[in-house]
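The block underneath contains the structure these notes are about, expressed in structure tokens.
Laboratory data are not the source of any read-out in this text; all were calculated from the coordinates shown. On a predicted model such as this, the values are computed, not experimentally measured, just so you know.
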Amino acid sequence: MPKHERPTELLNFVAKTGFITRDLWLEFFFKGGSERWAYQSWRNLHDAGYLTPHPTGCLKDVSILDLKRCPRGEWFYGKPVKPTFIDFIEHDLHLYRGILHLERCGLVRFWETEGKIKSRLGQEFGYNPHEYKNAKYPDVLVDLPNADRPWAVEMELSRKSTERYCRAMNAYASMKDVGGVVFVHKKDVIKNAILRAIKTTYFPLDETPVAFISLENWQTTPSQSFRNVVGPLCRHPANAA
């Protein structure tokens, strides 16, 4: 493809998420056209050396960066994260689809994935993330317009142990650079478990607010739901302590 046709936005997305599906590409990155043109355009991205099928070979229409033909750092920013494992595809699809909606609506200016956060911290502070394998990293960290600090977004599709939620809340309590946490939960039992962890750990809600969005609302009205729960809790720079 000619230089002006390089899908820079798409490449940056895949570089920080570890994958792209054909459906996600159609919804957010395809410029429009017939079904035949969509099929050809998706194929062109692979033929041109931008994308290649997921290495497992068993995931239909799931692709990653083709780093053998798409030189590292030439058309996207920073070091790309590793391809997403099969077990996390569903989790990440739900997460990133909602984030892309927020970005398109102007509710999010910039966002970082867990993989990019680990990579950035390693580059900035020189430590090996593997030495901190039990450390807590947000699924996604989002930079919001007029907010004093970025917010974390966590996708919770299954209920974890109470101990695990308590560890997560203790970790967030110590993250002074995080302005709040949004939990997207599949079932109310997950939300209730997190609320118990908040109570058990005496989580400082006045310093780091916590909001909840059901998975159903995240899928159907992500922007409105995010605005409704985060807006009233978001601390603006002028109101920061």
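What is the count of Lys pairs in the stretch 154-213 whose alpha carbons sit under 16 Å apart, if the two are 8 or more places apart or on different chains?
So the count works out to 4.
Rounded to the nearest 500, what is the chain's calculated 222 nm mean residue ellipticity when only DSSP H runs of at least 4 contribute -39500 (n - 2.57) each, over all residues?
-12500 deg cm²/dmol
List the aspartates and glutamates whose Cα lies under 13 Å from the Cα of residue 68, skipping any in the same chain that are fewer than 8 positions away.
Within the straight-line limit of under 13 Å, residue 68 reaches these aspartates and glutamates: 47.
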